[in-house]
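Working notes, beginning with the structure itself.
Taken together, the values in this text are just the output of simple stated rules run on the coordinates, not laboratory data. Just so it is clear, the model here is predicted, and its values are computed rather than measured. Backbone-built Cβ (ideal geometry, glycine too); neighbour counts: all protein chains shown.
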């Protein structure tokens with residue numbers, strides 16, 4: 001499917017307006033919605049291209065700026081040490097309840113969007129994978145694809161570095177798709193094992209994918225990008241969302 005020109009909207013949140021980019025198919029009709037969480041660098045080129053891939057398969061995709069309280073609207077952090085330092089600092093300066101409020105605000109926006117069927121999923125890599133997992137704690141999210149979610153096994157996301165994400169796993173009533181790279185130092189083998197055991201013990205409906213790849217293998221900039229895995233795993237993701245969320249109407 002071809003896409004409409006991207007739309008920039010400001011979504012109201014308890015901590016101020018949140019600039020959000022919306023991508024959707026050009027054809028008339030209604031489509032399932034996706035809350036797309038970025039990496040710590042916000043809405044970069046690779047994030048926009050991945051979102052366009054998903055939107056082009058029949059979804060209304062909303063990408064919020066996750067650090068809207070701290071950075072001027074439109075800020076994109078560079079994929080360098082300075083950008084990493086800023087993004088990693090802000091991820092533990094923002095309170096968990098603010099991340100959750102942002103999730104709720106985007107879900108409400110999608111639910112009311114003229115082109116959305118009302119069936120909503122969530123997607124994200126890196127910190128976005130963790131935020132996608134937290135979105136799945138909300139009843140509006142029927143399907144969540146979490147790519148190499150950082151800090152989930154360490155429960156260190158947000159102000160105070162003491163999140164309750166895994167502890168609340170039993171609250172997830174939708175379906176999860178969990179994807180990890182075996183060579184990813186941010187989510188090592190013991191961390192993956194903890195996540196798997198916690199989801200299983202909590203009765204969560206999930207699928208589990210481990211591949212031979214480094215962290216950020218979806219990002220089509222830099223040496224860690226794996227085009228073949230991008231093709232395979234994003235294809236599986238589209239099939240997952242279509243199965244759970246339904247097709248366009």
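Between 50, 13, 20, which is under 20 Å from residue 95 (Cβ atoms) and either out of contact with any helix residue (DSSP H, G or I) (no Cβ under 6 Å at 6 or more places or on another chain) or part of a helix (DSSP H, G or I) (or both)?
20
Report yes if residue 173 is closer than 20 Å to residue 92 by Cβ and in contact (Cβ under 8 Å) with a residue 12 or more places away in the chain, otherwise no.
No, not satisfied.
This table checks each residue for (1) in contact with a helix residue (DSSP H, G or I) (Cβ under 6 Å, 6 or more places away or on another chain); (2) part of a loop (DSSP other than H, G, I, E, B); (3) crowded, with 21+ Cβ neighbours inside 10 Å.
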{"site": "137", "(1), (2), (3)": "yes, yes, no"}
{"site": "146", "(1), (2), (3)": "yes, no, yes"}
{"site": "150", "(1), (2), (3)": "yes, yes, yes"}
{"site": "157", "(1), (2), (3)": "yes, yes, yes"}
{"site": "164", "(1), (2), (3)": "no, yes, no"}
{"site": "168", "(1), (2), (3)": "no, no, no"}
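Considering segment 201-225 alone, what residues qualify as being touching a strand residue (DSSP E or B) at 6+ places or on another chain (Cβ under 8 Å) and without any contact (Cβ under 8 Å) to a residue 24 or more places away in the chain?
The answer is none; no residue qualifies.
Restricting the search to segment 29-55, which residues are over 17 Å from the mean Cα position of the chain (by Cα) and surrounded by fewer than 24 Cβ atoms within 10 Å (Cβ to Cβ)?
29, 30
Just for segment 190-204: of the residues that are touching a helix residue (DSSP H, G or I) at 6+ places or on another chain (Cβ under 9 Å) and closer than 16 Å to residue 136 by Cα, which one is surrounded by the fewest Cβ atoms within 10 Å (Cβ to Cβ)?
Looking at residues that are touching a helix residue (DSSP H, G or I) at 6+ places or on another chain (Cβ under 9 Å) and closer than 16 Å to residue 136 by Cα, I get 203.
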